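The values are calculated or read from the model by the stated rules, or taken from the named source; none is laboratory data. This structure is a prediction, so every number in the text was calculated from the model and none was measured. So basically every Cβ, Gly included, is an ideal-geometry build from the backbone, and we count neighbours across all protein chains shown. Only protein heavy atoms, including side chains, enter the accessible area calculation; ligands, DNA and RNA are left aside. Shrake-Rupley method; radii C 1.70, N 1.55, O 1.52, S 1.80 Å.
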Amino acid sequence: MELSRLSLNLQPSVTLEITAKAKKMREDGFDVISFGAGEPDFNTPENIISAAINAMNKGHTKYTSSSGILELKRAICTKLFRENVLKYDTSQIIVSTGAKQCLSNLFQAILNPGDEIIITAPYWISYPELIRLYGGVPVFVDTKEENNFKCSRDELMSALTSRTKAIMVNSPNNPTGTVYDYDDLKSIADFAEENELLIISDEIYEKLIYDGKKHISIASISDDAYERTVVINGMSKTYSMTGWRVGYAAGPERIIEVMSSIQSHTTSNPTSISQYAALEALKGPQDRIFYMLEQFELRRNFMVKRIDEIANITCFKPMGAFYVMINITDLIGKKINNLVIKGSESLSKILFDESRVAVIPGTAFGTDNYIRLSYATSMESIEEGLDRLEQFINNLI
Ligand code: PMP
Ligand code: GLU
């Protein structure tokens, strides 16, 4: 039997795969340090856990409206208004099983075969895979470290064709950690307006910004940008709720309606209990966010300083999210135990086998000159992991 060609082209998520492998080996008694998936190591705040328990005790254990409970949609509207200066009606909101499902619903809702979506590279691994799964074509615009991993208007223009339907924006960015300022966003919004493109703005790392910078949603740049943007956000990173699986999208009513219809046939509502937990996350005290942010900033500072001390590697100082991209160009061609580092994949594999340190190869994000390390892990693990990385690099010949 021939399986679906589009599905067979799909690569499993490398971030999740490597993280699962590291976890399994740790459970089997191996001393593994994982800089794998971006998953905060803090537990979900107490008040959110209590809200979930209360929800179960109150009998909120049934199907809900498939696009999410009204109270949560209202709380999302309030959040978007207060924090992002965006005015939405609840009919413009869908709550899904993680931001990932929002993106999946959205690509399904907008793509016809051959439609193109512009994505800056390095990019988050699931964008191109999901776009291809639904018959679309990701068109990449490479960005460079010396330009803070941002691209120019001319570079965007060179990616434009008559099939271009949308542009992806992800600030703060996974994997680079770059954050777009007002001028960057204005330039993208103008480009989208002139070429009548939809803007997909993945803002899941919005609260994870350092050095006192502030997140700006591209949808707030102008009335036109508001009309043509679908904002994607979720609970996973901000509230350390990766396992609860709650994300949301806000945008033009017609698109949200189609996304809701898709969701009603695929998964129905996101877990009822998680929705009540998300409601508390948005409405309850926010002080844990500041604590977690402070910890992430300390870890970022430590990582950047420590990587600077290690010979033959450099890194881009992330402005947001919780990843560091290490430039490995100077390690290519070096050897250890007769194993040659040919690129980011062989480096990640040899580093894992030799030193039990899990990192994600840059190829997962569309670049072979980097490896990505997540610092959403404890300071002890970071210290130990970077000591091992230094030792490994010093042993290369
Ligand atoms: N967007 C980006 C940029 C991500 O890194 C992730 C990974 N968590 C997601 C979306 C999806 O997050 P979730 O499905 O956990 O809400
Ligand atoms: N988004 C996280 C990461 O990039 C989690 C893994 C995933 O969802 O693919 O590591």
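Extension gain, Val258 to Asp353: 0.36 nm times the residue separation minus the Cα-Cα distance gives 29.6 nm.
Charging the Cβ of each Asp and Glu at -1 and of each Lys and Arg at +1, and nothing else, the dipole of segment 1-96 about its Cα centre rounds to 440 debye. The length gained on full extension between Glu146 and Leu6, counted as 0.36 nm times the residue separation minus their Cα-Cα distance, comes to 46.8 nm.
Here Thr90 sits with roughly 40 square angstrom of accessible surface, probe radius 1.4 Å. Estimate the FRET efficiency between Val85 and Phe302 by the formula 1/(1 + (r/R0)^6), using the beta-carbon distance for r and 22 Å for R0, to the nearest 0.05. For Val85 and Phe302, the calculated efficiency is 0.05.
Our summary gives segment 1-123 a relative contact order of 12 percent, counting only alpha carbon pairs under 8 angstrom and 6 or more residues apart.
Enumerate the lysines that Lys305 could reach by cross-link, defined here as Cα to Cα under 16 Å, with residues fewer than 8 away along the same chain left out. Leaving aside lysines fewer than 8 places away in the same chain, those within reach of Lys305 are Lys317. At R0 = 45 Å, how high is the FRET efficiency between Thr266 and Asp28 if r is their beta carbon distance? Nearest 0.05 is fine. Efficiency computed from Cβ-Cβ geometry: 0.80. Along the positive direction of the dipole of segment 1-77 (beta-carbon charges: Lys, Arg +1; Asp, Glu -1; about the Cα centre), which of Leu10, Gly38, Leu70 reaches farthest? Result: Leu70, furthest along the dipole toward the positive end. DSSP bridge analysis restricted to the chain gives an antiparallel fraction near 50%, rounded to the nearest 5. Inter-label distance, Ser378 to Ala311: 3.2 nm, where each label sits 7 Å from its Cα along the C-beta direction. Each residue was assigned an accessible area with a 1.4 Å probe, and for Met56 the value is about 90 Å². Length available on full extension from Leu293 to Leu396: 0.36 nm per residue minus the Cα-Cα distance, which gives 33.5 nm.
The residues Thr161, Thr143, sorted by heavy-atom accessible surface at 1.4 Å with ligands and nucleic acids left out, run Thr161, Thr143 from largest to smallest. Comparing Ile53, Ile273, Ile218 in a Gaussian network model of the chain, where Cα atoms under 10 Å apart are tied by springs, the biggest mean-square fluctuation is seen for Ile53.
Cross-link partners of Lys213 among aspartates and glutamates, defined as those whose alpha carbon lies under 17 angstrom from its own and excluding same-chain residues fewer than eight positions apart: Glu83, Asp181, Asp183, Asp184, Glu203, Glu294, Glu297. Considering only alpha-carbon pairs that sit under 8 angstrom and 6 or more positions apart, the relative contact order computed for segment 146-214 is 40 percent. Here Lys342 is the anchor, and the aspartates and glutamates within straight C-alpha reach of less than 18 Å, apart from those fewer than 8 places off in the same chain, are Asp330, Asp353, Glu354, Asp368.
Helix 98-110 and the longest principal axis of the Cα set of the chain meet at an angle near 70°.
With a simple spin-label model that places each label point 7 Å from the Cα along the Cα-to-Cβ direction, the separation between Ser13 and Lys58 comes to 3.0 nm. Helices in the chain, meaning DSSP H runs of at least 4 residues, each add -39500 (n - 2.57). Divided by all residues, the mean residue ellipticity at 222 nm is -13000 deg cm²/dmol. The distance linking segment 249-326 with segment 198-238 is 11 Å (Cα centroid to Cα centroid, whole angstrom). Heavy-atom accessible area, probed at 1.4 angstrom with all protein chains present, ranks Leu339, Leu389, Leu293 as Leu339, Leu293, Leu389, highest first.
Surface listing: Phe30, Phe149, Phe42 arranged by accessible area from highest to lowest gives Phe30, Phe42, Phe149, probe 1.4 Å.
Would segment 191-308 count as rounded, prolate or oblate if I go by the C-alpha gyration tensor, calling it rounded below 1.5 in a/c and otherwise prolate when a/b exceeds b/c, oblate otherwise? Oblate shape, in that a/c is at least 1.5 and b/c is the bigger or equal ratio. The portion of the accessible surface of the chain made up by carbon and sulfur, rounded to a whole percent, is 50 (1.4 Å probe; DNA, RNA and ligands excluded). Taking every protein chain into account, the accessible area of the chain amounts to 44 square angstrom per residue (probe 1.4 Å). Look at the alpha carbon pairs under 8 Å that are at least 6 residues apart: their mean separation over the length of the chain gives a relative contact order of 23 percent. Considering only GluC sites (Glu not before Pro) in DSSP loops that have at most 12 other Cβ atoms within 10 Å, the longest stretch of the chain without any of them is 197-397.
Does segment 227-364 come out rounded, prolate or oblate, given a ≥ b ≥ c as the square roots of the eigenvalues of its C-alpha gyration tensor, rounded meaning a/c under 1.5 and, failing that, prolate meaning a/b above b/c?
It is prolate, given that a/c is not under 1.5 and a/b is the larger ratio.
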